[in-house]
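Only one structure is covered here, and it is reproduced in the block below.
The values are calculated or read from the model by the stated rules, or taken from the named source; none is laboratory data. Just so we're clear, the structure is a prediction, and the values are computed from it rather than from any experiment. Cβ atoms come from the backbone with ideal geometry, glycine included; neighbour counts cover every protein chain shown.
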Amino acid sequence: MESPDDTTQKTSEEKSGLSSAQRRAEIRRRKLLMNSEDRMKRIVGFTKSESENNGASSRVTEPRFHLDLDRIEPWSASSPRLSPFLPEAVGSSHPHSSVPERTGSPLGDCSKVLGGGVVEDVTPGVRQRPRGEAQLAAEDPSHSASPRGGLQKYLSRFDDAMKLRGQLANEKQAQDAASSDTEELDSFRLFRLVGSVLLAIFVRVFVCKYLSIFAPFLTLELAYMGLYKYFPKVEKKTHTTVLTAALLLSGIPAEVINRSMDTYRKMGDVFADLCVYFFTFILSHEVLLLVGSEETESL
Amino acid sequence: MAALGTQTKVTKVVAKMAGCSWFLVLGSVFLCNLFKTLLPSIFSFLSKVLQKDAEHERHMRAEIQEMKKEHNSVSMMDEFARYARLERKINKMTDKLKTHVKSRTAQQAKMKWVVNIIFYILQAALMISLIWKYYADPVTVIPNKWISPLEWLVAFPSGVAGGVGITCWLVVCNKVVSIGLYSIS
């Protein structure tokens, strides 16, 4: 019959055996990963020094292309791509992690990696990580795989370009089918146009003798800005055009593009109101002149 | 006296017509935009008139339908030779139809392109002629202070104080007519 001491000794031996096995597996995996990184470097044509400089110096997250222009969250908040090994280096409390925890483990010295300074060579075969790289790994885990990240970035851009091309083709077909290049007339837009017409007639009849015709128009536009929130908001479908696709591929965030398009749309609405207002004003002026001249002729 | 009265009336009519240049520009813009809206129907009419192969294509489609019906009724096990012969005929006819449809579609696309080009050339010619005619004269004149402080922009390129220039009026008419036609259609 086994004594309790024997069983505890056995379990501790098993644990140390497991952790050493895990450690060895971790070392093998890292070696394989390093080799794959070298292979990627050779394929892509990066030199080692360039990749180290890029890895150490650049701290900007890679821009991600949002094919869905309705996405509101800022691009800088995109989720980083984690490598399967880096979370272990950060010091997670994962029970099966081969990286030791801070308290009472044989590899407890590894916690000094993140504290700053040079990493101590705790186990043979573990790669020494310089301070900057360790800090970057702590802050941005995706950054340690920069050569692979570069290839992934290229591939993701290529995929996005292909998808945008498909979207453009679909949009073009839809536009050909619909054959409309003006925006939809929703209730607020209709209200604006009718308001501009009525104001133009009112200004021609009563106001224009006293001040410029553009002053009432500006007042009207200010009123529209305040009244906008009382109207039902219409979801405007964002069309993928060649311009938006080119802007997306050149690295401009989708949020910036959306805001610019929104501003441009609002300016277009104001311009349309101005055109309708001015047209109605001139038309009413000419009609009044005609009616006035006919009256004088008849008299 | 009567002749003098008639002459005065004619002068007044001519003066009115000269003063209606804003209406002439508006009418031209309206016609252009209307024509542009009707382009697809014009094109479909032209393609029906010019392409006379539609009958032949319909005949081919009907023949393929009949052969397919016969093909479905024939049993592959009992009459394999006849089944295979029919299938070959169907495939041959389908390929012929596809070629025919492809050439017809290419012709239609070419025709559409030509019609569009002609329209845009005519529209550009009309706009240029209007600008050339009213380059120095405003389409209408209103008191200067009504359109301050933008009188110089509104009067461009005529330069007449209080006048409405051809470019400004063209832009305004274009926008209004497009909104109007869109709301109607």
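Okay, here's what the table says:
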item: Condition check for B:Ser41: in a helix (DSSP H, G or I) and surrounded by 11 or more Cβ atoms within 10 Å (Cβ to Cβ); result: no
item: Candidates A:Ser293, A:Ser284, A:Ser187 - the one that is within 14 Å of chain B (Cβ to nearest Cβ) and either touching a strand residue (DSSP E or B) at 6+ places or on another chain (Cβ under 7 Å) or surrounded by 16 or more Cβ atoms within 10 Å (Cβ to Cβ) (or both); result: A:Ser284
item: Pick from the range B:110-125, criterion aliphatic (A, V, I, L, M) and exposed (fewer than 15 other Cβ atoms within 10 Å of the Cβ), ranking: farthest from B:Thr167 (Cα to Cα); result: B:Val114
item: The range A:250-291, subset over 23 Å from B:Val172 (Cβ atoms), part of a helix (DSSP H, G or I) and free of Cβ contacts under 8 Å to residues at least 12 places away in the same chain, residue nearest to the chain's Cα centre (by Cα); result: A:Val256
item: Only listed residue being out of contact with any strand residue (DSSP E or B) (no Cβ under 8 Å at 6 or more places or on another chain), of a type in the set (Ser, Thr, Tyr) and away from chain A (no Cβ under 14 Å), chosen from B:Thr94, B:Thr105, B:Thr167; result: B:Thr94
item: In the range B:133-154, residue surrounded by the most Cβ atoms within 10 Å (Cβ to Cβ) [restricted to those that are hydroxyl-bearing (Ser, Thr, Tyr) and within 7 Å of another protein chain (Cβ to nearest Cβ)]; result: B:Thr140
item: Elements of type helices (runs of 4 or more DSSP H) in the range B:47-158, at least 3 residues being over 30 Å from B:Asn33 (Cβ atoms) and among the hydrophobic types (A, V, I, L, M, F, W, C); result: B:54-73, B:80-133
item: Check on A:Leu211, outside any helix (DSSP H, G or I) and surrounded by fewer than 16 Cβ atoms within 10 Å (Cβ to Cβ); result: yes
item: Test: residue in the range A:260-268 that is surrounded by 13 or more Cβ atoms within 10 Å (Cβ to Cβ) and modelled with pLDDT under 90; result: yes
item: Test result for B:Trp113, more than 14 Å from every other protein chain (Cβ to nearest Cβ), more than 30 Å from A:Ala215 (Cα to Cα) and of a type in the set (Phe, Trp, Tyr); result: no
